[in-house]
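Here is the structure we will look at, set down as structure tokens.
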Amino acid sequence: MSEVLSYLGAEKAIVAGLKWDTASKVLSKSDARQSARKAKAKALLLRVRGTNLGLVETGTAVGDDVRLISFAAAVSDVISEPTWCGVFDVDSQAVFIAVIEECISADSDQVMDVASARSRFDEEAPTFNKTFAPAHWGIAGASDSGTVLAQIDWNTAPACDRVVAGQTISPVVLACGFALVAFGGFWVWQHRQAAASDAATQIATAARQATVQLLPAPQTDWKRQPDPQAAAALCMDMRARLAETAHQGWDIDTIACDLTAKTITASLSPYTDLAVQPQVGGFTTQLGADGKNVLLNGPLTVPATKREAERPSTQALFAARNFLIGLTPPAQWKDVGHKVAFTVTTGLSPDVLAAGLARYPTSTITRIDLEKEDWRVSGFIYY
């Protein structure tokens, strides 16, 4: 839930704990007003900068004559890194912030007690190359967040101008833009989901934002599906078996492990005129349409799993997103209702990727494809 951290006299206030969403383009003032109307917001607040990007909801009640300074935006202004996360001490509380490609992540501007902030930091930090934490935490590799705060002059930090959008009753919307880069897809989805929520849902969500949030049980049960490491190990084992055809004169062109259909297919091409019909136990062999390559088909025995202890949470969902979007190239990420679908195309071995995914409950791998040297890994994270 958003909070006023402090008032700078009677005219300005520093706020944190905002719920962020990134627009797909730079907003003019007319765009801003239109966005506010669609969100049924009382007002839209624009940073005094050349560009304005990033819709933000806040439930903090402040007078119409009070100008607001976003704590996360002000901190980001003095950090040159485009992607980072950190915890910043404010009196007896802590503010956790995560920024990716100069965009403040949704639900990553949170006011917490110190213990909760440390837990959130420990969860998120492994997915970031640059981190900030209080010096007394003694975290190796993390820069001192107190030094960052010392660089900010709150009396001169850019406040936000309000653009009245109409007489409605929903929370204020804040648009802060410090040359933000549009982050697209997922955040647009989240904004639409939030806008569609009724007032009761918004209040319940805000009340839980300072802690790890438990989400409703998904309609589709992931507990019967193999965990990411088991899925990757199964496909890698099958690849090792198929690699034995090299002794018979064949190269692997493609492999498709379908964990849902419980099948595996592969295409092989001969690298010598002396190649003999490939033989792999449990696979059927079929000559390709070109009369040269061969296709192998076989069953995939998916191991039984025990995932009863796993629980969906907002924290795990965003941590998984940070991990996947942080890859090079970043994963494709799309909400499909009660689960988020992701696809990663990478040169990394699937077992390496699966080891990263295994840190996040409810994550699954449903398909692994190999084409020459590139892997494509697809799956879901249920919420």
inquiry  = Solvent-accessible area of Glu371, probe 1.4 Å, all protein chains present, reported in Å² to the nearest ten, please.
reply    = 120
key: Rough spin-label spacing in nm, given labels placed 7 Å along Cα→Cβ, for Ala355 and Glu371   = 2.7
task = Over 26 Å between C-alpha atoms is what I'm after, so list which of Lys130/Lys372; Lys262/Lys334; Lys262/Lys339; Lys292/Lys372; Lys223/Lys262; Lys130/Lys223 land there.
result = Lys130/Lys372; Lys130/Lys223
remark   = Taking every other residue with Cβ under 10 Å from the Cβ of Asn322 and scoring Lys and Arg +1, Asp and Glu -1, one gets -1
message = Can you classify the range 294-383 as rounded, prolate or oblate using the Cα gyration tensor, where a ≥ b ≥ c are the square roots of its eigenvalues, rounded means a/c under 1.5, and otherwise it's prolate if a/b beats b/c and oblate if not?
response = oblate
query = Could you sort Val148, Val90, Val352 by accessible area so the largest value comes first, with the probe set to 1.4 Å?
reply = Val352, Val90, Val148
task = Heavy atoms only, probe 1.4 angstrom, no DNA, RNA or ligands counted: give me His247, His136, His338 ranked by accessible area, highest first.
result = His247, His136, His338
task = Within the range 67-83, find all residues whose amide N lies under 13 Å from a label point positioned 7 Å from the Cα of Glu11 along Cα-to-beta-carbon.
result = 67-68
query = Once both labels are modelled 7 Å past Cα along the beta-carbon direction, what's the Gln248-Arg67 spacing in nm?
reply = 7.6
task = Can you tell me how much longer the chain between Thr346 and Val90 gets when fully stretched, taken as 0.36 nm per residue apart minus their C-alpha distance, in nm with one decimal?
result = 88.1 nm
inquiry  = Keeping all protein chains in place and using 1.4 angstrom, which order do Asp122, Asp253 fall into by accessible surface area, from largest down?
reply    = Asp122, Asp253
message = Using the crude model of +1 on Lys and Arg Cβ and -1 on Asp and Glu Cβ, and no other charge, please compute the dipole size for the range 294-349 relative to its Cα centre, in debye to 20.
response = 80
query = Roughly how many Å² of Trp375 are accessible to a 1.4 Å probe, to the nearest 10?
reply = 10
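The values are calculated or read from the model by the stated rules, or taken from the named source; none is laboratory data. None of these values were measured; they are calculated from a predicted model. So basically every Cβ, Gly included, is an ideal-geometry build from the backbone, and we count neighbours across all protein chains shown. Accessible surface is based on the protein model in full, side chains and every heavy atom, while ligands, DNA and RNA are left aside. Shrake-Rupley method; radii C 1.70, N 1.55, O 1.52, S 1.80 Å.
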